[in-house]
1. Inverting the mean 1/r over all pairs of different Cα atoms, compute the Kirkwood radius of the range A:2-63 and quote it in Å.
2. Straight-line reach only, C-alpha to C-alpha below 25 angstrom: list the lysines that B:K202 could link to, leaving out same-chain residues fewer than 8 apart.
3. So if we plug the beta-carbon distance of B:K70 and B:T291 into 1/(1 + (r/R0)^6) with R0 = 45 Å, what FRET efficiency do we get, rounded to 0.05?
4. Of A:F135, A:T100, A:G89, which is farthest on the positive side of the dipole of the range A:75-162, counting Cα position, with +1 on Lys and Arg Cβ, -1 on Asp and Glu Cβ, and the Cα centre as origin?
5. Largest first and to the nearest Å, give the Cα extent of the range B:9-226 along each principal axis.
6. Summing Lys, Arg as +1 and Asp, Glu as -1, what charge do residues with Cβ under 12 Å from the Cβ of A:L52 carry, A:L52 excluded?
7. Starting from the amide H of B:R52, placed 1.01 Å from N in the peptide plane, find each other amide H under 5 Å away whose residue is 5 or more places distant or on another chain.
8. From the phi of every residue in the range B:72-89, what ³J(HN,Hα) in whole Hz does the Karplus formula 6.51 cos²θ - 1.76 cosθ + 1.60 yield, where θ is phi - 60° and glycine or proline is x?
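The values are calculated or read from the model by the stated rules, or taken from the named source; none is laboratory data. These figures come from a predicted structure and were not determined experimentally. Cβ placement follows ideal geometry from the backbone for every residue including glycine, while neighbour counts extend to all protein chains displayed. Ligands, DNA and RNA are excluded from the accessible area calculation, which covers all protein heavy atoms including side chains. Shrake-Rupley method; radii C 1.70, N 1.55, O 1.52, S 1.80 Å.
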Amino acid sequence: MLRENRSTEIEELLGHYPEKRAAMIPLLYMAQEEYGYLTPQAIKEVADILELDPTDVYGVARFYSLFYLEPVGKFVIRFCTDLPCALVGAEELYRYLLETLGLEEGGTTSDGIFTVQEAVCLASCGTAPVMQINFQYFEHLTREKLDEILALVRAQGLPPNGKGLRFAPRPQQQ
Amino acid sequence: MEQVYIVLRHREIPDIDQYETYVAHGGYEGLRVALEQAPDEVIELVKQSGLRGRGGAGFPAGVKWGFVPKDVFPKYLVCNFAEGEPGTFKDREIAEYNPHQLIEGIIIAAYAIQANTAYIYHRGEFTFAAQQLRRAIAAARAHGWLGEDIQGTGFTLNIYLHPEAGAYICGEETAQLSSIEGHLGQPRLKPPFPATHGLWQKPTVINNVETLTNLPMILRHGAEWYRQWGTERTPGTRVYCVSGHVVRPGNYELPASVTARELIFEHAGGIWKGHRLKAFIPGGMSAPLLTPEHLDVPLTYDDLAAAGSMGGSGGVIVLDDQTDIAWVIAKQVAFYKHESCGKCSPCREGTYWQKMLADRILSGQASRRDVELLKAVSDQMTNTCFCPLGEASRMVVQGAYKYFADELYQWVEERRRAVEPAAV
Ligand SMILES: Cc1cc2nc3c(=O)[nH]c(=O)nc-3n(C[C@H](O)[C@H](O)[C@H](O)COP(=O)(O)O)c2cc1C
Ligand code: FES
């Protein structure tokens, strides 16, 4: 299915490298997009394209935290609680997020909309606290902003992807 | 000192991510200058500029390029856009806002070492930055700066984006090579160095985003121009990423000789909420912390090393006087334990013990003995780990003990009293 649905992309991708195996990570992302998470079938298809053993591919997929080996919600929230973010209240805000959605770390809401994961530094520490939803940034978070974002995404999906904030002042901190 | 925009030029030229705007402001002129010279002359010029790698180690870029053998083909260039060091967020700003200058820098570096393929290894999270880079690559290609026979010079280069997938260790250059090849992202033994045995055992140069983004301006204006800022051994500017307890966190591009005092108190507006400075971590979270007595240290690689820390990635994390050191240590070692790739036991087991002890200390269930043990475990890890990840984990603990050991002992005593009053 992967091979059929994305054949041009896959062919182009394989042309980037002298060895097929190097297309592993990009292909795993592609498979994850197609299947929602890396099902045994998805792993097998990647292995077939790369002419590798599925256990080999599985071993690589397991190493990386952005590959999901279990089903996830429609929107995966990755919330940074690393030191720089934690200095400005990210841990407390993360607990609030879990509470609001009634989840434990890594959990998915019963309607299958949100999965919440704790993330390491997202390279956005200057606009902390920060999270990503399906790899889009949401910065300068507060409780109010979190509530708003969750409601908005639930109702309308994600806004267009764009540049991160640079100059906006941090709300109420001085 | 005023900010000087050599890489963060979008701060002055807002639409510089558009090809036409970039070209109107001298874009691709540096590459034109490079292509008019022999590759070795470009290497020589970059050596003279003294440009040092901004990824963490501060190795002189031109010197590294000089290690690449001339007669072995193919060669590869890898742009390290893994940016995972906590407290660092400059490469993402560069790629999102000034992507053409990075692409031009990559082409210049590839020409200098005669690589015909370059990979931009970017964090999987950087979807928008990747989109910007893809757009810039397409525009550069459309205008004859990429592809076959660039500007009639006979030089060919293709740039491909390669995503990483969530592993801090893949920022380390040899782990990055393994990751690109489709293996587990674990570091390799050096030597041999990537310059001779890199991707698929071929000569490979790995440079950081900020390092490469400096190149177009150096080629355009020359080594002397670049050396008007910074010091003899750390010329030019650096992008300092300020986070934590300051009034104005953010990226500041300043002459590399700026002091911590000026960066934190003038540019970043000082400590928030009227609090006082307790400590600062000057080069990304892996750098040992420094205290207010070090505020006048210039933030160069050499000065910071002399002060017992390191320049690292340029991430300056500021801690106010309300911050508990026990908590800071627990946060730090939790990160390294989580990110240890598991290859070597000093790091895998060492960070496990560090985290257990740090958590126990933080929880108030610890004794003085645990505080001693955390130090002992960290000392045992010293110079035994396979790569700098494990070494960072022990260095940050050792650094904290250097200035705040008393606070840790006091912490456990006060907590114990609170938890089990009968015991005292
Ligand atoms: C654990 C670890 C993580 C690293 N992460 C990064 C990173 O995210 N980005 C980066 O440019 N360099 C990183 N480095 C440094 C690279 O190994 C390498 O020195 C650098 O990319 C070389 O480029 P430069 O000479 O231009 O700095 C890391 C090093 C270590 C040990
Ligand atoms: S620590 Fe949260 S983005 Fe860097």
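1. On the way: mean 1/r = 0.0879 Å⁻¹.
Taking every pair of different Cα atoms in the range A:2-63, averaging 1/r and inverting gives 11.4 Å.
2. Leaving aside lysines fewer than 8 places away in the same chain, those within reach of B:K202 are A:K20, B:K47, B:K64, B:K70, B:K75, B:K190, B:K343.
3. Once rounded, the FRET efficiency stands at 0.40.
4. A:F135
5. 44, 37, 32 Å, listed from the longest principal axis down.
6. Numbers: positive: A:K20, A:R21, A:K44; negative: A:E19, A:E45, A:D48, A:E51, A:D53, A:D56.
Summing Lys and Arg as +1 and Asp and Glu as -1 gives -3.
7. Here B:A61 satisfy the definition.
8. Per residue, the Karplus-derived 3J(HN,Hα) values read 10, 10, x, 10, 10, 10, 10, 8, 7, 10, 8, 4, x, 5, x, x, 10, 8 Hz.
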